[in-house]
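Structure, as structure tokens:
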Amino acid sequence: MTCARSESCVIACAEAWRGAGEILASPMGLIPSIGARLARLTFSPDLLLTDGEAMLVGVDGTVEGWLPYRQHLTLVTSGRRHVMMGASQIDRFGNQNISCIGDWEKPKRQLLGVRGAPVNTLNNPTSYWVPKHSRRVFVEKVDMVCGVGYDRAAGARHHRIPRVVSDLGVFDFATPDHSMRLASLHPGVTVEEVRDATGFTLTIPDEVPYTREPTPAELRLIREELDPADARAREVPEGART
């Protein structure tokens, strides 16, 4: 069974929570949310999902419990949460910017602001989702550090960036200096495409695997239960199946 690029992205996001156990999953964005729910339905049944406010919910939104703010903070600050955030800019060491473009004293563009990025990155594992991989996002140096990268996080007990997922592939920091590495290519993508769309020098292994394909059961869940309207294709458009 063939799959679309957007479905490869869902799988790549879901894999961020494989084997996570009973932790709070906090996906931000459509495809990460589908991925977290898919993980809960398949290989990570103990994941905790929320409604974004104060309730623990099931995959279908059914309320399963109450998550008071104090308990939420306990999870956040003890490494028992894995958040997947967006990134307007990200550099080779995983420093992330969602605040502004240009000099922060007089930015060209004002974005979301720092928000919870410093607390997220220093206190619990944080991955990133980038729906359009380009040199404007994958930059040599971010204009402002919001999420903290490996070169700035010395001594932070729970700091970890498991993966960065884009519409081209999956990236990690499994290198001696914790700089970004190409971990897998989505089917149909070439190393040259990734290199040309990245504003810094990536570590690229001699052999780069493809992102794993969804199983028939996973495809059925994605297409029939989690996203029957195919909203994922609007986030990662694609003409042809891969």
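General remarks:
- Cross-link reach list, aspartates and glutamates versus Lys106, counting only Cα pairs under 17 Å and skipping chain neighbours closer than eight places: Asp143
- Sites Tyr69 and Trp104 - FRET efficiency at Förster radius 35 Å, r taken between beta-carbons, to 0.05: 0.70
- Restricting the GluC sites (Glu not before Pro) of the range 110-202 to loop positions (DSSP other than H, G, I, E, B) with no more than 13 neighbouring Cβ atoms within 10 Å leaves Glu140.
- Loop-resident sites, the range 1-87, for trypsin sites (Lys or Arg not before Pro), counting at most 16 other Cβ within 10 Å (DSSP): Arg18
- Most tightly packed first, judged by the mean number of other beta-carbon atoms within 10 Å of their residues, the peptides 180-186, 113-119 read 180-186, 113-119.
- Summarised in one figure, the compactness ratio Rg/Rh of the range 90-136, Cα atoms and Kirkwood Rh, is 0.97.
- Taking Cα centre as origin and charging only the Cβ of basic (Lys, Arg, +1) and acidic (Asp, Glu, -1) residues, the dipole magnitude of the range 39-83 rounds to 240 debye.
- The range 168-232-the range 79-137 distance, computed between alpha-carbon centres (Å): 19
- Hydrodynamic radius (Kirkwood) for the chain, which is based on Cα pairs only, to one decimal in Å: 18.3
- Loop GluC sites (Glu not before Pro), the range 1-107, which have at most 16 other Cβ atoms in a 10 Å radius of their Cβ (DSSP): Glu22, Glu53, Glu105
- Choice from Thr126, Thr201, Thr211 with maximal GNM fluctuation in the chain (Cα, 10 Å cutoff): Thr201
- Stretched out straight at 0.36 nm per residue, the stretch from Ala229 to Thr77 would grow longer than its current Cα-Cα span by 51.1 nm.
- Ala174-Glu140 FRET efficiency (beta carbon distance; Förster radius 22 Å; 0.05 resolution): 0.60
- Cβ-placed point charges (K, R +1; D, E -1), dipole of the chain about Cα centre in debye, nearest 20: 580
- By the combined test of axial Cα extent (at least 15 Å) and Kyte-Doolittle hydropathy (mean at least 0.0), the qualifying DSSP H helices of the chain come to 30-41.
- Evaluated over the Cα positions of the range 192-242, the convex hull gives a direction-averaged projected area, one quarter of its surface, of 5.3 nm².
- Shown is the FRET efficiency for Arg152 and Arg18, computed with R0 = 25 Å from the Cβ-Cβ distance and rounded to the nearest 0.05: 0.35.
Laboratory data are not the source of any read-out in this text; all were calculated from the coordinates shown. Note that this is a predicted model, so its numbers are computed, not measured. Ideal geometry is used to build each Cβ from the backbone, glycine not excepted, and the neighbour counts take in all protein chains shown.
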